[in-house]
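Structure record follows, encoded as structure tokens.
The values are calculated or read from the model by the stated rules, or taken from the named source; none is laboratory data. Since this is a predicted model, take the numbers as computed values, not measurements. Heads up, the Cβs are rebuilt from the backbone with ideal geometry, glycines too, and the neighbour counts pull from every protein chain shown. Just the protein is used for accessible areas: all its heavy atoms, side chains included, with ligands, DNA and RNA removed. Shrake-Rupley method; radii C 1.70, N 1.55, O 1.52, S 1.80 Å.
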Amino acid sequence: MAHTNESVVSEFVFLGLSTSWELQLFFFAIFSTVYVTAVLGNIMIIVIISSDSQLNSPMYFLLSNLSFIDICQSNFATPKMLVDFFVEYKTISFEGCMAQIFLLHSFVGSEMMLLVAMAYDRFIAICKPLYYSTIMNRRLCLIFVFISWAVGILHSVSHLAFTVNLPFCGPNEVDSFFCDLPLVIELACMDTYEIEIMILTNSGLISLSCFLALMISYTIIVITVWRRSSSGSSKALSTLTAHITVVILFFGPCIYFYIWPFSRLSMDKFLSVFYTICTPMLNPIIYSLRNEDVKSAMRKLRSRHLNWKN
């Protein structure tokens with residue numbers, strides 16, 4: 001690889017969340033529960049949507065893809081973190097560290113674009129309902145999914161291109177539980193100011209532009225819904241509340257990290273935990289608890305399973 005001529009660092013050391021054995025056991029119990037809930041919850045959403053013909057709509061097709069991304073995000077670093085709670089010397093190879101950076105930014109970039117696609121779907125459904133079936137066809141949904149993954153991967157590759165060839169010649173301790181890009185760049189044996197600015201610009205543009213597009217879309221949608229008074233509008237408002245909640249919880253920590261990416265506070269480590277471990281669990285909880293169609297499909301699937309057992 002290109003870095004071997006310049007870099008003498010073959011592995012990085014994670015400082016983790018705590019050095020206390022008792023706290024690490026506590027964190028293991030909590031985060032393993034969150035991890036299993038996130039993975040099983042998102043698998044459950046995919047199974048429910050694929051098994052219920054009434055959920056064969058663009059919104060639920062995009063939701064199932066969102067759940068797939070969340071499953072991927074749950075697995076890029078969390079399993080290693082759980083194992084590392086029982087390891088005193090928490091290390092990761094150079095290649096493994098670069099892989100974590102690539103996967104995280106691929107999944108985050110893809111989820112941003114997919115949330116924009118879901119907002120567009122709701123915009124057409126509520127503001128242009130007569131044209132919904134014509135505009136939001138399966139071909140457009142597949143294009144949205146392809147674009148979301150393409151943007152996420154390109155976004156990640158652009159970060160990795162700046163990072164993989166940096167000279168790492170000594171310091172190798174990362175004050176986190178995974179390879180957080182700003183923390184890794186700080187370990188390079190050179191002035192990384194220009195690289196930090198390029199990464200900040202790249203990440204800031206995609207996150208802020210997606211967030212603004214989402215806020216504008218949902219503002220227009222909410223105003224349209226409030227002008228109507230019907231049971232259908234009430235149901236639409238309930239669905240919108242779930243979407244907006246996911247957007248705020250997803251973009252809140254994301255924008256925070258991109259505004260202050262290279263000035264770390266003590267609470268940043270715990271925001272990283274929320275962002276990488278807890279966020280994938282929130283989508284199935286929010287969508288299953290607030291969405292009547294999903295709850296109805298869950299009851300039908302449960303009844304079908306009980307009937308099959310009997």
With the condition kept exactly as written, say whether any residue in segment 1-12 is touching a strand residue (DSSP E or B) at 6+ places or on another chain (Cβ under 6 Å), outside any helix (DSSP H, G or I), within 29 Å of Ser93 (Cα to Cα) and touching a residue at least 12 places away in the same chain (Cβ under 8 Å).
yes
Please verify whether segment 1-23 includes one or more residues that are farther than 30 Å from Pro167 by Cα and open to solvent by less than 30 Å² (accessible area, probe 1.4 Å).
no
Of Leu289, Leu265, the only residue that is at pLDDT below 70, under 30 Å from Leu17 (Cβ atoms) and in a helix (DSSP H, G or I) is Leu289
Going through (1) in contact (Cβ under 8 Å) with a residue 40 or more places away in the chain; (2) open to solvent by 20 Å² or more (accessible area, probe 1.4 Å); (3) farther than 25 Å from Thr245 by Cβ; (4) not basic (Lys, Arg) one by one, Met190 fails only at (1)
Return yes when Glu173 is within 23 Å of Leu103 (Cα to Cα), of a type in the set (Asp, Glu) and either at pLDDT 90 or above or out of contact with any Ser or Thr (no Cβ under 9 Å at 6 or more places or on another chain) (or both) and no when it is not.
yes
Total residues in segment 24-67, condition closer than 30 Å to Tyr131 by Cβ, surrounded by fewer than 17 Cβ atoms within 10 Å (Cβ to Cβ) and touching a residue at least 24 places away in the same chain (Cβ under 8 Å):
2
Are any of the residues in segment 134-154 free of Cβ contacts under 8 Å to residues at least 40 places away in the same chain, among the hydroxyl-bearing types (Ser, Thr, Tyr) and within 29 Å of Leu17 (Cα to Cα)?
no
Just to check your reading of the model, which residue among Leu271, Leu237 is surrounded by fewer than 19 Cβ atoms within 10 Å (Cβ to Cβ), farther than 29 Å from Pro79 by Cα, touching a helix residue (DSSP H, G or I) at 6+ places or on another chain (Cβ under 6 Å) and modelled with pLDDT under 80?
Leu237
For Asn75, all conditions in the list (1) without any contact (Cβ under 8 Å) to a residue 40 or more places away in the chain; (2) crowded, with 22+ Cβ neighbours inside 10 Å hold save one; what is the number of the exception?
(2)
Considering only segment 129-144, how many residues are outside any helix (DSSP H, G or I) and either farther than 14 Å from Ser57 by Cβ or open to solvent by 50 Å² or more (accessible area, probe 1.4 Å) (or both)?
1
Pull up segment 147-179, narrow it to residues that are open to solvent by less than 20 Å² (accessible area, probe 1.4 Å) and not in a helix (DSSP H, G or I), then point me to the one that is farthest from Ala117 (Cα to Cα).
Phe168
Residues (of a type in the set (Ser, Thr, Tyr) and closer than 19 Å to Met113 by Cβ) located in segment 180-207
Thr201, Ser203, Ser207
Residue that is surrounded by the fewest Cβ atoms within 10 Å (Cβ to Cβ), among those in segment 85-128 that are of a type in the set (Asp, Glu) and out of contact with any helix residue (DSSP H, G or I) (no Cβ under 9 Å at 6 or more places or on another chain):
Glu88
Qualifying position, being within 21 Å of Phe251 (Cβ to Cβ) and modelled with pLDDT under 95, among Ser133, Ser74
Ser74
